[in-house]
Every structure is written in structure tokens, then in C-alpha cells.
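Here is the structure we will look at, set down as C-alpha cells.
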Amino acid sequence: MNNLNSEQKIEILNSRLKDVSFEMNEKIRGDPKDDVLNFEISTRVDEFNSLDPKSKVYRLSLKGYLTLKNNDDIKFLVEVEYSTVVKFDNISEENIDIFMNIDAAKISEPYVYQNINNLILNSGFQPVNMLPQNYEDMYQKRLSERI
């Protein structure tokens, strides 16, 4: 993003855990060597109404989905949605789009991972190492699909 001038401003108004779901099937007792983890993450950006005509307010919803399967049976499924609300003053739509889909997602990602691992640990499973996502590639892919 370009350097901001004195009239431009970006402010994170709110950042919070919005929704959590954890489902576990205690009946699945297969060999742990057959366990397969799958992690997916998705982003969605929504615009809010702002009372100030110079300001624009957007919300990023970052959702993480983690499943542990043994053969085709699901041992557990975790879904976490983390919400970040950002206010922009005198920032171009293009820069807002870039910030929300790349930078705000990078800011929110560790909180999604932390909440997922807390649920897993509290359920008696080992923590999971989830690699950082490449939001630049996700954003470029989304842009190419718009064309």
C-alpha cells in the first residue's frame, strides 16, 4: 500500500472471535497413522454504512475450517470465524480492497489459528501446526476470476 498522507487514516475499530463450532466423534478409534488433517481458510469483505462521508467502514470475516479424518470417518471438525472491522479515511477503493483482503487477513490469521488450537487442546488432541496462508495469491486469484 502507498504511504499515507496526513488526511489518510486506517483504524482497526474491532477485532473479535465471531463464531465457533467444534464437533467430535468419540467413536472413531482408527490407527492414528491413518489420520489425515485438512485445513482451509476463506475470506469475505463487507462494507458497513458510515456516518462520516469521508470514512468508509469494512468488515473482514476470516473463516478457518479444520478436519481430522481417519479413513473416511471424521474424528473432529473445527470452524472458527474471526471478524475485523476497519475504518478508512480518504483511502482509494483499490487500496481498501488490497488492505482488507491481504493485510487485515494477515493480522487476523494468528487469532484464527490460536482459537482452533485452543479447542483442539481442550478436547485432548495434540496441537496442529497450520502454515500461514498466501493472501496475495488468494487475492490475485479472486481478481482474475472477476474478469
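Given the rule -39500 (n - 2.57) for each run of at least 4 DSSP H residues, summed and divided by the residues of the chain, what is its mean residue ellipticity at 222 nm, to the nearest 500 deg cm²/dmol?
The per-residue figure over the chain is -8000 deg cm²/dmol.
Given the Cα-Cα distance of LEU51 and GLU94 and 0.36 nm per residue of separation, how much length would full extension add, in nm?
My answer for the length gained is 13.4 nm.
If you take the beta carbon distance between LYS33 and ASN134 as r and set R0 to 25 Å, what does 1/(1 + (r/R0)^6) give as a FRET efficiency, to the nearest 0.05?
0.25
Local charge sum around LEU13 (other residues, Cβ-Cβ under 13 Å, Lys/Arg +1, Asp/Glu -1)?
Neighbourhood net charge equals +2.
Could you tell me what a quarter of the Cα convex hull surface of the chain works out to, in nm² with one decimal place?
Spelled out: convex hull of the Cα atoms, projected over all directions, averaged, 10.7 nm².
How much net charge surrounds VAL85 when only other residues with a Cβ under 12 Å from its Cβ are counted (Lys, Arg +1; Asp, Glu -1)?
Around VAL85, the charge tally is +2.
For ASN134, what charge total do you get from the other residues with a beta carbon under 14 Å from its beta carbon, if Lys and Arg give +1 and Asp and Glu give -1?
It works out to a net charge of -2.
Pairs of lysines 8 or more apart, or on different chains, with alpha carbons under 22 Å: count those in segment 27-147, would you?
For segment 27-147, qualifying lysine pairs total 13.
What is the angle, in °, between the Cα long axis of helix 135-146 and the longest principal axis of the Cα atoms in the chain? Nearest 10 is fine, range 0 to 90.
The two axes meet at around 70 degrees.
Given H placed on each backbone N at 1.01 Å, which residues far from ASP73 in sequence or on other chains put an amide H within less than 5 Å of it?
none
Using +1 on the beta carbon of Lys and Arg, -1 on that of Asp and Glu, and nothing else charged, what's the dipole of the chain about the Cα centre, debye to 20?
Result for the chain is approximately 200 debye, rounded to the nearest 20.
Read-outs: derived from the displayed coordinates by stated rules, not from any lab. Since we're looking at a predicted model, the values are computed, not measured. Glycine also receives a Cβ, built like all others from the backbone with ideal geometry; neighbour counts cover every protein chain displayed.
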